[in-house]
Amino acid sequence: MVRLFGPLVGLFFAIALLWSFGNGAYTAIKEPAAETAEHAFHLLPKDIKFASDGAFGKFDKAQLQRGFQVYKEVCSTCHSLKHVAFRDLAALGYSEAEVKAIAKQWGTKQPTFDVKTGERAERDNIPQDYFPTVYYAGQGVPPDLSLITKARHDGGAYVASLLTGYADQAGYKNAKGEELLVKFPDAKTPDGLYFNPYFANLNLSMPAPIAGDGQVTYSDGTKATVDQMATDVSAFLIWTAEPKLDKRKQTGWAVLGFLLVATVLAYLAKKNVWANKH
């Protein structure tokens with residue numbers, strides 16, 4: 001009896017699953033979901049190329065230093081970088097003395113706690129320290145940027161697009177020429193938020209951090225346009241998310257080369273071993 005009951009139960013659940021799937025597909029075809037403002041006006045990231053892209057790509061240290069400068073002067077007041085240590089900056093080409101100076105002069109100090117007195121204090125950062133957490137007093141909690149390019153689809157391109165994507169919602173049109181507030185009159189950006197079509201729901205609480213050309217003065221003389229600064233800081237955040245990317249690619253090619261040689265040797269060995277077996 002039990003042997004008969006088991007297959008029947010399984011058959012029942014299989015039929016129920018197929019019916020549910022079929023009913024859902026039929027409903028989706030006959031009654032498609034209403035188009036939303038996010039669906040009609042949300043933009044995919046721009047096609048932005050980075051030096052580290054592709055199997056042969058490698059970081060451009062000059063660009064990474066410029067990106068770090070943008071992070072330091074523009075982003076660090078709100079966004080933390082808690083998974084990166086000051087000593088890691090040596091990989092960008094900074095000398096030991098420069099790393100020590102950057103750590104010591106960093107705006108946010110390291111919190112300390114005296115167990116004996118119970119007092120809290122602060123001390124200067126040293127190269128071994130990780131970038132201290134930024135305590136933001138405004139509304140919402142700005143995300144930590146250490147891994148942001150790994151946590152967002154299209155990574156660096158998304159970050160750069162977002163930074164340069166702020167627009168005036170009034171009169172904004174999509175690729176079809178449809179005006180947002182004409183098609184969706186209730187889609188107005190709430191007070192305290194800012195319209196950006198590259199953001200998932202079109203509105204975010206962060207005002208445009210890169211307000212205009214020349215906001216940062218690059219030490220290497222590169223012209224600091226909005227697009228340049230956005231691309232540079234995005235490249236820097238690609239590095240913070242995967243600082244060993246260059247070495248991983250080098251190791252990968254070495255491994256592939258070894259496997260190729262090993263495969264050829266194994267084939268030749270097989271031919272030699274089995275040469276007189278016919």
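Looking for something on the phi < 0 side of the Ramachandran plot, out of contact with any Gly (no Cβ under 7 Å at 6 or more places or on another chain) and surrounded by 14 or more Cβ atoms within 10 Å (Cβ to Cβ) - is there at least one such residue anywhere in the range 16-37?
Let us first name the residues in the range 16-37 that are on the phi < 0 side of the Ramachandran plot, namely 16-37.
Right, trim to out of contact with any Gly (no Cβ under 7 Å at 6 or more places or on another chain) and you get 16-37.
This time we only want the ones that are surrounded by 14 or more Cβ atoms within 10 Å (Cβ to Cβ), so: 37.
Yes: the range 16-37 contains one or more residues that are on the phi < 0 side of the Ramachandran plot, out of contact with any Gly (no Cβ under 7 Å at 6 or more places or on another chain) and surrounded by 14 or more Cβ atoms within 10 Å (Cβ to Cβ).
Every residue in the range 30-50 that is at pLDDT 70 or above and part of a helix (DSSP H, G or I), please.
Residues satisfying the conditions are Ala37, Glu38, His39, Ala40, Phe41.
Filter the range 90-121 for residues that are outside any loop (DSSP other than H, G, I, E, B) and within 27 Å of Ala137 (Cβ to Cβ) and give the result. Reasoning before the result, please.
Taking the range 90-121 first, the residues outside any loop (DSSP other than H, G, I, E, B) are 90-92, 96-105, 110-113, 120-121.
If the condition is that a residue be outside any loop (DSSP other than H, G, I, E, B) and within 27 Å of Ala137 (Cβ to Cβ), then Ile102, Ala103, Lys104, Gln105, Gln110, Pro111, Thr112, Phe113, Arg120, Ala121 are the ones that fit.
Residue-wise test of (1) in a loop (DSSP other than H, G, I, E, B); (2) crowded, with 20+ Cβ neighbours inside 10 Å; (3) more than 18 Å from the chain's Cα centre (by Cα); (4) not polar (S, T, N, Q).
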position: Asp53; (1), (2), (3), (4): yes, no, no, yes
position: Phe56; (1), (2), (3), (4): yes, no, yes, yes
position: Leu64; (1), (2), (3), (4): no, yes, no, yes
position: Gly67; (1), (2), (3), (4): no, yes, no, yes
position: Val70; (1), (2), (3), (4): no, yes, no, yes
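Taking the range 228-278, which residues are farther than 21 Å from Leu92 by Cβ and either in contact with a Leu (Cβ under 9 Å, 6 or more places away or on another chain) or of a type in the set (Lys, Arg) (or both)? Write out each step before concluding.
Going residue by residue through the range 228-278, those that are farther than 21 Å from Leu92 by Cβ are 252-278.
Matches in the range 228-278: Lys270, Lys271, Lys277.
So, in the range 166-210, exactly how many residues are farther than 21 Å from Gly140 by Cα and assigned to a loop (DSSP other than H, G, I, E, B)?
Number satisfying all stated conditions: 15.
Suppose we filter Thr217, Thr149, Thr225 for residues that are modelled with pLDDT of 95 or more, over 23 Å from the mean Cα position of the chain (by Cα) and closer than 26 Å to Gly93 by Cα; which single one remains?
The unique qualifying residue is Thr217.
Sort out which residues of the range 215-250 are small (Gly, Ala, Ser) and either surrounded by fewer than 12 Cβ atoms within 10 Å (Cβ to Cβ) or closer than 22 Å to Lys82 by Cα (or both), and write them in order of number.
Ser219, Gly221, Ala230, Ser234, Ala235, Ala241
The values are calculated or read from the model by the stated rules, or taken from the named source; none is laboratory data. Computed from a predicted model, the values in this text were never measured in an experiment. Cβ: placed from backbone, ideal geometry, glycine included. Neighbour counts: every protein chain shown.
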